[in-house]
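The values are calculated or read from the model by the stated rules, or taken from the named source; none is laboratory data. It should be emphasised that the depicted structure is a prediction, and the values quoted were computed from it without experimental measurement. Glycine gets a Cβ as well: all are built from the backbone with ideal geometry, and neighbour counts include every protein chain shown.
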Amino acid sequence: MTESHSLAGGAGPILAERVAVVTGAAKGIGLGCARILGAAGAAIALWDIDEAALNSAAEQLRSQGIKAQPFIADVSQSSAVDAAIAAIAGEFGKIDILVNNAGTHDGKGIEEADEADWSRIIDTNLKGVFLVSKAALPHLKETRGAIVNMGSMVGLVGQGKSGAYSASKGGIIAMTKNLALDLAPYGIRVNCICPGWVETPLVNQWFALQPDEAEARAYVDSIHPLGRIAAADEIGKAALFLASDLASYVTGVAIEVDGGVTLGY
């Protein structure tokens, strides 16, 4: 079993009887969010396009006592999104929490990127949040649920060689505030997490490509005031707070979970 997250006073798992949908859940931050929300009692709908990694993630969570079901769909395609939400609602009967985490990055600035590069990142990172949120909305209205969007420090402070990615993450932050206003009358809270560097397969791949991997890791650790990059589960713990009743009066915020890296950026 994984670490349990309970309400103060021992009232049981904080997300007991709730259903959480996590996109981009096969690995990295998405898997960390799924693991933490599941450990807090939620049943997890794992959503990704990587079938092998998704099935592996589902088995991993189940081995930890978490109820997890995989769903394969491209968040940038409206028909696939609608079908996935219908399947999830059919499987679990409701949706209480949506974590919009699916995303991609290509490390290209505006000079290197072409129109296809731009469209691929904007469609996945930004349009995907729109499509999945819109499809899930009827179910979230019924449960007075919560949406947690995955932004980035890049959406707050920018990043070189990341034109479309920076635009997409800035757009997610702005969309979070818009949705918080529009959905508040339905009791739906919408918030955003802005991570800094996180230990994920993608980040580890980037480190491995550097001329001196150890030096690159040491430098990245050094720019974080806390002296290290985050574990994926630490981002999951922020998602747990925002998705739970502990944040019952929190909506429309973009929380930096970055070890302080943006303070001196």
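Of 152, 168, which residue is part of a helix (DSSP H, G or I), touching a helix residue (DSSP H, G or I) at 6+ places or on another chain (Cβ under 7 Å) and polar (S, T, N, Q)?
Among 152, 168, only 168 is part of a helix (DSSP H, G or I), touching a helix residue (DSSP H, G or I) at 6+ places or on another chain (Cβ under 7 Å) and polar (S, T, N, Q).
State the number of residues belonging to segment 171-199 that are buried (at least 16 other Cβ atoms within 10 Å of the Cβ) and not in a loop (DSSP other than H, G, I, E, B).
18
Counting only residues that are touching a residue at least 40 places away in the same chain (Cβ under 8 Å) and more than 16 Å from the chain's Cα centre (by Cα), which one in segment 44-69 is nearest to residue 89 (Cα to Cα)?
Out of the qualifying residues, it is 66.
Inspect segment 141-150 for any residue being surrounded by 24 or more Cβ atoms within 10 Å (Cβ to Cβ) and out of contact with any Leu (no Cβ under 9 Å at 6 or more places or on another chain) and give the result as yes or no.
There is at least one residue in segment 141-150 that is surrounded by 24 or more Cβ atoms within 10 Å (Cβ to Cβ) and out of contact with any Leu (no Cβ under 9 Å at 6 or more places or on another chain).
Scanning for something assigned to a helix (DSSP H, G or I), closer than 24 Å to residue 158 by Cβ and not hydroxyl-bearing (Ser, Thr, Tyr), does segment 95-110 turn up at least one residue?
So far as segment 95-110 goes, no, none of its residues is assigned to a helix (DSSP H, G or I), closer than 24 Å to residue 158 by Cβ and not hydroxyl-bearing (Ser, Thr, Tyr).
Kindly indicate which of 76, 6, 63 is modelled with pLDDT of 95 or more, loosely packed, with under 15 Cβ neighbours inside 10 Å and hydroxyl-bearing (Ser, Thr, Tyr).
The match here is 63.
Test residue 205 against the stated conditions and say whether it is at pLDDT below 95 and either surrounded by 19 or more Cβ atoms within 10 Å (Cβ to Cβ) or more than 25 Å from residue 50 (Cα to Cα) (or both).
No: the conditions fail for residue 205.
Go through segment 244-259 and give me each residue that's part of a helix (DSSP H, G or I) and crowded, with 16+ Cβ neighbours inside 10 Å.
247
Out of segment 216-232, which residues are surrounded by fewer than 19 Cβ atoms within 10 Å (Cβ to Cβ) and under 15 Å from residue 258 (Cβ atoms)?
220, 221, 222, 223, 225, 226, 227, 228, 231
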